[in-house]
Amino acid sequence: MNLLHGVGDFFSLDIGTNSMRIVQLSGSSQHGWTLQRFAYVPIDQRLTQDSSDLGKKRLGEAILGAVNQAGIKSKNIAIGLPASKTFTSIVETETLPEKELKKSFKYEIDKYVPMAMSDAKADYVILGVSPNDPAKTEVLVSSVAKDYAESTMEMIEKTGLNIIAMEPEPLAMARALTPPGAIEANMIVDFGEKSTDLVITFKNQPRLVRSIPGGFGVLVKAVASSLSVREDQARQFILKFGLDQNQVEGQVFAVLSTHLDNFASELAKSVRFFQTKYLNGKVGGIILSGYAEMIPLFAEYIESKTNVPTVKGNPWQLVRTTSGQQNALINVASEFAVAIGLSERSND
């Protein structure tokens, strides 16, 4: 098992809070990708939270059902690891010939992992010479608790599937959503059910990775409480009216803006931190994913608060699809960023 590496004939799996997404692509990053097979399967969030043996068995059965629904024959699978379960950072080390750097960093990686190596699985990717200092090389380090990784592997392997790669979800998301050929830095923001993943990419590499507590579920509870409605109704209000001050007498906007002001401040803080570290790395845009794409006027609100151009992301930007596939995906296409990013892994 490799935490960051591993490719070949495989498909990807992204297990979210309320659904799972499966994607199999053909092609390459050089010549473009083509969607071969996919599946979108709603799941009860209690299933993903059940760590009992029976719960794991049921989740495994749900995964196999999704694989069969997609018509995938390969047994090799790449899966995403939630940001809450991983630690990812970008560190600097002395610039050396690649072979020497790999050899030395293998023995230094424990310095960058926030737990004993006996309790962790860790991996790294050499990003290249630091944009700030040619005497330094940047290395992305990622780790996950061994117990969690091994439990996940055991659950998957009991289904007969073979994990060839595990990757933090923010890195996969950024791969799918970063605009090709971008000159300026971009902040990729995935507003999820329980938390928000944030990655700033610069020169085609991730340079800052963060996870912000709180997500769509917090907004749902706040609107439900304030308007004295059920949570399912609050969810519908947010997705229908969003940040439109002219709807429902501005009540939904008032509740959302109270919570999103702090959220926007965190985004602005990340922009400032990045631009302080990378003096030539202006953040030219914010790209939204997840619920941030679905809430009306969310992009306009974030742009007004951060003064950074903000747009909805398109995880399918490098993937060729048929009209039939597009029709099948029309209501859920924006939810596939992690699954597509996992499938767009290179063979390097």
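The values are calculated or read from the model by the stated rules, or taken from the named source; none is laboratory data. All figures in this text were calculated on a predicted structure; none of them were measured in a lab. Backbone-built Cβ (ideal geometry, glycine too); neighbour counts: all protein chains shown. Keep in mind that these areas ignore ligands, DNA and RNA; they rest on the heavy atoms of the full protein, side chains included. Shrake-Rupley method; radii C 1.70, N 1.55, O 1.52, S 1.80 Å.
Inside segment 140-164, can you point out the residues that are open to solvent by less than 20 Å² (accessible area, probe 1.4 Å), part of a strand (DSSP E or B) and not hydroxyl-bearing (Ser, Thr, Tyr)?
Within segment 140-164, LEU140, VAL141, VAL144, ILE163 meet the criteria.
Let me spell it out: the conditions are (1) of a type outside the set (Lys, Arg); (2) in contact (Cβ under 8 Å) with a residue 24 or more places away in the chain; (3) over 19 Å from VAL125 (Cα atoms), and GLY181 meets all of them except one. Which number is the exception?
Evaluating GLY181 over (1) of a type outside the set (Lys, Arg); (2) in contact (Cβ under 8 Å) with a residue 24 or more places away in the chain; (3) over 19 Å from VAL125 (Cα atoms) leaves (2) as the failure.
Looking at GLU303, GLU266, GLU293, can you tell me which residue is among the acidic types (Asp, Glu), buried (at least 20 other Cβ atoms within 10 Å of the Cβ) and under 15 Å from PHE191 (Cβ atoms)?
GLU293
Looking at GLN251, GLN245, which is the one that is without any contact (Cβ under 8 Å) to a residue 12 or more places away in the chain and touching a helix residue (DSSP H, G or I) at 6+ places or on another chain (Cβ under 8 Å)?
Going through GLN251, GLN245 in turn, just one is without any contact (Cβ under 8 Å) to a residue 12 or more places away in the chain and touching a helix residue (DSSP H, G or I) at 6+ places or on another chain (Cβ under 8 Å): GLN245.
Given the criteria within 22 Å of SER304 (Cα to Cα) and part of a helix (DSSP H, G or I), does ASP244 qualify?
For ASP244, the condition - within 22 Å of SER304 (Cα to Cα) and part of a helix (DSSP H, G or I) - is not met.
Kindly indicate which of ILE238, ILE330 is surrounded by 22 or more Cβ atoms within 10 Å (Cβ to Cβ) and not basic (Lys, Arg).
The match here is ILE238.
Working only within segment 85-102, note down all residues that are among the aliphatic types (A, V, I, L, M) and under 27 Å from MET173 (Cβ atoms).
Keep residues of segment 85-102 that are among the aliphatic types (A, V, I, L, M), which gives 90-91, 96, 101.
Of everything in segment 85-102, those that are among the aliphatic types (A, V, I, L, M) and under 27 Å from MET173 (Cβ atoms) turn out to be ILE90, VAL91.
I need a count of the residues in segment 57-93 that are open to solvent by 30 Å² or more (accessible area, probe 1.4 Å), of a type outside the set (Asp, Glu) and in contact with a Ser or Thr (Cβ under 8 Å, 6 or more places away or on another chain).
Residues in segment 57-93 being open to solvent by 30 Å² or more (accessible area, probe 1.4 Å), of a type outside the set (Asp, Glu) and in contact with a Ser or Thr (Cβ under 8 Å, 6 or more places away or on another chain): 3 in total.
GLU167: open to solvent by less than 10 Å² (accessible area, probe 1.4 Å) and of a type in the set (Asp, Glu), yes or no?
yes
Select from segment 306-323 the residues that are in contact with a Phe, Trp or Tyr (Cβ under 8 Å, 6 or more places away or on another chain) and open to solvent by 60 Å² or more (accessible area, probe 1.4 Å) and list them in ascending order. Spell out the reasoning first.
First, pick out the residues of segment 306-323 that are in contact with a Phe, Trp or Tyr (Cβ under 8 Å, 6 or more places away or on another chain): 315-316, 318-320.
Correct list: LEU318, ARG320.
One line per residue, one yes/no per condition, for (1) under 19 Å from PRO206 (Cα atoms); (2) modelled with pLDDT under 90; (3) out of contact with any strand residue (DSSP E or B) (no Cβ under 8 Å at 6 or more places or on another chain):
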residue: ALA120; (1), (2), (3): no, no, no
residue: ASP133; (1), (2), (3): yes, yes, no
residue: SER143; (1), (2), (3): yes, no, no
residue: LYS146; (1), (2), (3): no, no, no
residue: GLU154; (1), (2), (3): no, no, yes
residue: ALA165; (1), (2), (3): yes, no, no
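Considering only segment 118-139, state which residues are surrounded by 16 or more Cβ atoms within 10 Å (Cβ to Cβ) and of a type outside the set (D, E, K, R). Give the steps one after another, and end with the answer.
Filtering segment 118-139 down to residues surrounded by 16 or more Cβ atoms within 10 Å (Cβ to Cβ) leaves 120-125, 127, 130-131, 137-139.
ALA120, ALA122, TYR124, VAL125, LEU127, SER130, PRO131, THR137, VAL139 - these are the residues of segment 118-139 that are surrounded by 16 or more Cβ atoms within 10 Å (Cβ to Cβ) and of a type outside the set (D, E, K, R).
If you take just the helices (runs of 4 or more DSSP H) that sit entirely in segment 270-348, which of them hold at least 2 residues that are at pLDDT 95 or above and more than 17 Å from the chain's Cα centre (by Cα)?
298-306, 323-329
Restricting attention to segment 197-221, which residues are assigned to a helix (DSSP H, G or I), within 22 Å of GLU300 (Cβ to Cβ) and open to solvent by 20 Å² or more (accessible area, probe 1.4 Å)? Don't jump to the end; show me each part of the working.
If we filter segment 197-221 for residues that are assigned to a helix (DSSP H, G or I), which is where we start, we get 216-221.
From the residues that got through so far, the ones that are within 22 Å of GLU300 (Cβ to Cβ) too are 216, 218-220.
Across segment 197-221, the qualifying residue is only VAL218.
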